[in-house]
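**Q** Got a structure for you, questions after.
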Ligand code: B12
């Protein structure tokens, strides 16, 4: 949760940033989140859960100008969940639509969705929301997230990245968030959607010959991940990279790499720059 420094005598020493983290953890717990859901979150997300965030707008399409600060109001999360509990789809869509326009696609995707879904997960475990409520919210988020990338608006020689999840992996929202981040970094996103067998993915990838195949692993046993990647590696030529992301992604599987959102975006930007300099 917080790893203290040690003095020569072994006494724990906390820095300003440790203390800030303790404060944010406390505030997020007070706001109703479970400590076990919080421990691995980075400072920015913790600040949002604690209701104290101001984040820099990084969107390239939305109305807010790049570099401006936007504030995520925690009441917007509570309001959307409230309507979803009533199964009031119109107001759920209205609330989420407002946040999408207000925050811009990028901040909506990487901040608002994560805060909302972490809260949904906590409420679900506490038995405070029904499966119907979760499905309503997931469907509304999915339709907005799908709007955040669009193959027709990418550059002609953009690196293609194919996105999907293994057969039994239903969790799809993280995949869509990652696809949006990739598109913003300059990739042409080919989203195959979730739950595809390795053979089907392999054939699709061979047809498109992308720069990379990106897989999301949120609830996939290690053995299944390993077998899935092995099967794909047998089908795909070596230059096609396989990237794993998601909370369950394991970094001890041969033939692929585990990447975070930022690392993936940096990787894509690098290829975009190389291709741009090669053509200029
Ligand atoms: C919504 C949800 C569902 C929905 C999914 C709807 C949909 N269309 O996606 C439904 C109802 C289908 C569902 C089902 C289940 N769920 Co569920 N679900 C959730 C919930 C509430 C949100 C998931 C989510 O979207 N998270 C938000 C995104 C933003 O997070 P993420 O997926 O990790 O993605 C982020 C990063 O990991 C990364 N990322 C993700 N993919 C990729 C890919 C690449 C390439 C990169 C670079 C990055 C990247 O980017 C994202 C943004 O940061 C979570 C609770 C929670 N706290 O997350 C539980 C949760 C994920 N579910 C869980 C479980 C156990 C299940 C079920 C087994 C429940 C059951 N008993 O049936 C089933 C499994 C179904 C299956 N076979 O897959 C567990 C998983 C625990 C684990 N890993 O061991 C969680 C954590 C809840 C819990 N605390 O128990 N679930």
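**Q** Pick from 274, 205: which is surrounded by fewer than 14 Cβ atoms within 10 Å (Cβ to Cβ) and away from the ligand (no atom under 13 Å from the Cβ)?
**A** Testing whether each residue is surrounded by fewer than 14 Cβ atoms within 10 Å (Cβ to Cβ) and away from the ligand (no atom under 13 Å from the Cβ) leaves just 274.
**Q** Continuing with this model, one more query. Count, please, the residues in the stretch 271-280 that happen to be in contact with a helix residue (DSSP H, G or I) (Cβ under 9 Å, 6 or more places away or on another chain) and over 16 Å from residue 211 (Cβ atoms).
**A** Here the count works out to 0.
**Q** Given the conditions (1) surrounded by fewer than 19 Cβ atoms within 10 Å (Cβ to Cβ); (2) under 19 Å from the mean Cα position of the chain (by Cα); (3) modelled with pLDDT under 80, and given that residue 97 satisfies all but one, which numbered condition is not satisfied?
**A** Condition (3) is where residue 97 drops out.
**Q** Just to be sure before I move on: is residue 218 buried (at least 18 other Cβ atoms within 10 Å of the Cβ), touching a residue at least 12 places away in the same chain (Cβ under 8 Å) and near the ligand (Cβ under 10 Å from one of its atoms) in the structure I sent?
**A** yes
**Q** So if I check each of 192, 213, which one is assigned by TED's automatic domain parsing to the domain that holds residue 261, at pLDDT 95 or above, over 15 Å from the mean Cα position of the chain (by Cα) and buried (at least 24 other Cβ atoms within 10 Å of the Cβ)?
**A** 213
**Q** List pairs: first residue in the stretch 235-250 and farther than 20 Å from residue 176 by Cα, second residue assigned to a loop (DSSP other than H, G, I, E, B) and within 14 Å of the ligand (Cβ to nearest atom) anywhere in the structure, Cβ distance under 9 angstrom, at least six positions apart or on different chains.
**A** 239/211; 240/210; 240/211
**Q** Just for helices (runs of 4 or more DSSP H) wholly inside the stretch 84-199: which have at least 1 residues that are more than 10 Å from the ligand (Cβ to nearest atom)? It would help to see each step written out before you state the result.
**A** Values: elements: 89-103, 113-125, 131-146, 173-185.
Result: 89-103, 131-146, 173-185.
**Q** Could I ask something else about it? Would it be correct to say that residue 247 is more than 16 Å from the ligand (Cβ to nearest atom) and either over 26 Å from residue 40 (Cβ atoms) or at pLDDT below 95 (or both)? Can you show your working first?
**A** On the way: more than 16 Å from the ligand (Cβ to nearest atom): no; either over 26 Å from residue 40 (Cβ atoms) or at pLDDT below 95 (or both): yes.
For residue 247, the condition - more than 16 Å from the ligand (Cβ to nearest atom) and either over 26 Å from residue 40 (Cβ atoms) or at pLDDT below 95 (or both) - is not met.
**Q** Residue by residue through the stretch 237-270, note down the ones that are part of a helix (DSSP H, G or I) and either over 19 Å from residue 210 (Cα atoms) or over 21 Å from the mean Cα position of the chain (by Cα) (or both). First the steps, then the outcome.
**A** Keep residues of the stretch 237-270 that are part of a helix (DSSP H, G or I), which gives 261-270.
Residue satisfying the conditions is 262 alone.
**Q** While we're on this one: Among the residues of the stretch 1-49, which ones are modelled with pLDDT under 70, more than 16 Å from the ligand (Cβ to nearest atom) and within 22 Å of residue 125 (Cα to Cα)?
**A** Correct list: 1, 30.
**Q** Among the residues of the stretch 221-244, which ones are away from the ligand (no atom under 13 Å from the Cβ) and out of contact with any strand residue (DSSP E or B) (no Cβ under 8 Å at 6 or more places or on another chain)?
**A** Within the stretch 221-244, 223, 226, 227, 230, 231, 234, 235, 237, 238, 239 qualify.
**Q** Moving on to the next point. Within the stretch 250-261, how many residues are more than 7 Å from the ligand (Cβ to nearest atom) and modelled with pLDDT of 95 or more?
**A** Qualifying residue count, the stretch 250-261: 3.
The values are calculated or read from the model by the stated rules, or taken from the named source; none is laboratory data. Quick caveat: nothing in here was measured; it's all calculated off a predicted structure. No Cβ is skipped: glycine too gets one built from the backbone with ideal geometry, and neighbour counts run over all protein chains shown.
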